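*Asks:* Okay, here's the structure, questions in a sec.
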There are 2 protein chains.
Amino acid sequence: MARILITSGPTRQYLDPVRYLTNASSGRMGAALADAALRLGHEVVIVSGPVAVDYPAGAQLISIETTDEMLDCARKTFATCEGLIGAAAPCDYMPRFIEPNKISKTGQPLVLELIETPDVVATLGQAKRSDQWVVGFALETEDRHFRATVKLQKKHCDLIVSNGPQAINSADNEVELLDPVGEVIAAVTGDKHHVADELLSHIHDRLICPI
Amino acid sequence: MARILITSGPTRQYLDPVRYLTNASSGRMGAALADAALRLGHEVVIVSGPVAVDYPAGAQLISIETTDEMLDCARKTFATCEGLIGAAAPCDYMPRFIEPNKISKTGQPLVLELIETPDVVATLGQAKRSDQWVVGFALETEDRHFRATVKLQKKHCDLIVSNGPQAINSADNEVELLDPVGEVIAAVTGDKHHVADELLSHIHDRLICPI
């Protein structure tokens, strides 16, 4: 049995004390993956951004808000785990400056300079030990298959799950699971619990208990 | 008895199909106000952005996503109402351009030009009939009292509720209710249901059934 880290949900990057950049990730895919992993007897730690979903009680939950916080907690936790499933949708841009007070409207446009946040999966993938594995998620609106393969290699993943924007905040998902050479191992469609069971079964056979 | 429109929750302004600007408004204050108004025998229509809160079943609920959609629905609904309580926190900036596909990371900063969204309460306040009333909310991090009074006048409100950023996504609130000359009619602290009851009682005495 393995100790698995699952990142889940969105993160938030604030412009000022009120406004932030984010996405509609609901944490449902992460919750379904945690549930599937627990039912297979694994130990699960979830690092999650702000969501309304209920995570399974059997998992350890660490709640964070920003991408930096997610990276920090995920890095510390991953040191004690065999695997990472990066199901979160961390906000990948953040304002270069955060205003300490609420920005007042002036009637004029507001120019916001955004810089990239650290990539959680890539950072952990790059530093993984030889006994550790990493499964990433790629959400793309175009060239899905190609872009997912590029991400898998760039992020040092062992497998990557490719899905589209309709996955966000939905009960269902339609995914492809790709191996390091870009071959489609599995294509799964259905509610996120079914998709999670199928993904965990492949992760188990290929990464946790390879035959 | 009155038919009251309550706007509630945040709105979202998308940069691309995945990323958006928003705030952490939970809809709890709107839900508590709707509940308080229903218990006083009023009819309630809620126009709400995406929230996880449960609104009272006795209220009519119209769900929207962007500030333009909130304004559009609120304007149509307000024509059939006596009053508006603007408890929503609509996203007040939006990207000038929305990218049709997910913006890809390039390693370079991303400059985003934001323009102001229409002001829902100000638009409805400006066009209100003589038999209609408008209560706004002002959330400020500094000069709260002064800024709330300026907003009240600019938005043609009959009363304005001033609160701070700690109100967002909290079970509690600490508010001041101000009249058009900036006088504090009431200062209420406590859980949002208590605050809502107090606010509705003042709205009732001053605007719905003035003595």
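The values are calculated or read from the model by the stated rules, or taken from the named source; none is laboratory data. Not measured: the values here are computed from a predicted model. Here Cβ is always computed from backbone atoms with ideal geometry, including for glycine, and neighbour counts include all displayed protein chains.
*Asks:* Looking at (1) within 14 Å of chain B (Cβ to nearest Cβ); (2) part of a loop (DSSP other than H, G, I, E, B), which is the one condition that is false for A:Val181?
*Replies:* (1)
*Asks:* Read through the list (1) exposed (fewer than 13 other Cβ atoms within 10 Å of the Cβ); (2) at the interface with chain B (Cβ under 9 Å from one of its Cβ atoms); (3) within 20 Å of A:Ala37 (Cα to Cα), then give the number of the only condition that A:Ala89 fails.
*Replies:* With respect to (1) exposed (fewer than 13 other Cβ atoms within 10 Å of the Cβ); (2) at the interface with chain B (Cβ under 9 Å from one of its Cβ atoms); (3) within 20 Å of A:Ala37 (Cα to Cα), A:Ala89 is out only on (1).
*Asks:* Being within 12 Å of another protein chain (Cβ to nearest Cβ) and either under 17 Å from B:Leu207 (Cβ atoms) or in contact (Cβ under 8 Å) with a residue 60 or more places away in the chain (or both): is that true of B:Pro10 here?
*Replies:* Working: within 12 Å of another protein chain (Cβ to nearest Cβ): yes; either under 17 Å from B:Leu207 (Cβ atoms) or in contact (Cβ under 8 Å) with a residue 60 or more places away in the chain (or both): yes.
So B:Pro10 fits the description; yes.
*Asks:* Moving on. Filter the range A:92-102 down to residues that are within 9 Å of chain B (Cβ to nearest Cβ) and free of Cβ contacts under 8 Å to residues at least 60 places away in the same chain and give me whichever is surrounded by the most Cβ atoms within 10 Å (Cβ to Cβ).
*Replies:* A:Asp92
Let's see how each residue does on (1) over 18 Å from A:Pro10 (Cβ atoms); (2) away from every other protein chain (no Cβ under 14 Å); (3) surrounded by fewer than 24 Cβ atoms within 10 Å (Cβ to Cβ):
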site: B:Ala32; (1), (2), (3): yes, yes, no
site: B:Ile46; (1), (2), (3): yes, yes, no
site: B:Asp54; (1), (2), (3): yes, no, yes
site: B:Ala57; (1), (2), (3): yes, yes, yes
site: B:Ile64; (1), (2), (3): yes, yes, yes
site: B:Met70; (1), (2), (3): yes, yes, no
site: B:Ser104; (1), (2), (3): yes, no, yes
site: B:Gly107; (1), (2), (3): yes, no, yes
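*Asks:* List pairs: first residue in the range B:176-205 and closer than 18 Å to B:Gly27 by Cα, second residue loosely packed, with under 13 Cβ neighbours inside 10 Å anywhere in the structure, Cβ distance under 8 angstrom, at least six positions apart or on different chains.
*Replies:* Final answer for the pair search is B:Asp191/B:Ala171; B:Lys192/B:Ala171; B:Val195/B:Thr189.
*Asks:* Here's a follow-up. Being among the β-branched types (Val, Ile, Thr) and in contact (Cβ under 8 Å) with a residue 60 or more places away in the chain narrows it down to one residue among A:Ile4, A:Ile64, A:Ile46; which is it? Spell out how you get there, then give the answer.
*Replies:* Values: A:Ile64 fails: in contact (Cβ under 8 Å) with a residue 60 or more places away in the chain; A:Ile46 fails: in contact (Cβ under 8 Å) with a residue 60 or more places away in the chain.
A:Ile4 is the lone residue from the list that is among the β-branched types (Val, Ile, Thr) and in contact (Cβ under 8 Å) with a residue 60 or more places away in the chain.
*Asks:* Step by step: first the residues of the range B:168-177, then only those that are at pLDDT below 95 and within 22 Å of B:Gly125 (Cα to Cα), then the one that is surrounded by the most Cβ atoms within 10 Å (Cβ to Cβ). Which residue is that? Spell out the reasoning first.
*Replies:* Filtering the range B:168-177 down to residues at pLDDT below 95 leaves B:168-176.
With the extra rule that they be within 22 Å of B:Gly125 (Cα to Cα), the set shrinks to B:175-176.
Details: B:Val175: 25, B:Glu176: 18.
In this case the residue turns out to be B:Val175.
*Asks:* Something else about it: Filtering the range B:125-161 down to residues that are over 20 Å from A:Leu110 (Cβ atoms) and under 12 Å from the mean Cα position of the chain (by Cα), which residue is nearest to the other protein chains (Cβ to nearest Cβ)?
*Replies:* B:Phe137
*Asks:* Same structure, new question: Between a residue in the range B:73-89 that is touching a residue at least 40 places away in the same chain (Cβ under 8 Å) and any residue that is of a type in the set (S, T, N, Q) and surrounded by 24 or more Cβ atoms within 10 Å (Cβ to Cβ), which pairs come within a Cβ distance under 6 Å, given they are 6 or more apart or on different chains?
*Replies:* Qualifying pairs under 6 Å: B:Ala74/B:Thr7; B:Gly86/B:Thr7; B:Ala87/B:Ser8; B:Ala88/B:Thr7; B:Ala88/B:Ser8; B:Ala89/B:Asn23; B:Ala89/B:Ser25.
*Asks:* Kindly indicate whether any position in the range A:22-44 is within 23 Å of B:Lys102 (Cβ to Cβ), part of a strand (DSSP E or B), out of contact with any Cys (no Cβ under 6 Å at 6 or more places or on another chain) and not β-branched (Val, Ile, Thr).
*Replies:* Checking the range A:22-44: at least one residue is within 23 Å of B:Lys102 (Cβ to Cβ), part of a strand (DSSP E or B), out of contact with any Cys (no Cβ under 6 Å at 6 or more places or on another chain) and not β-branched (Val, Ile, Thr).
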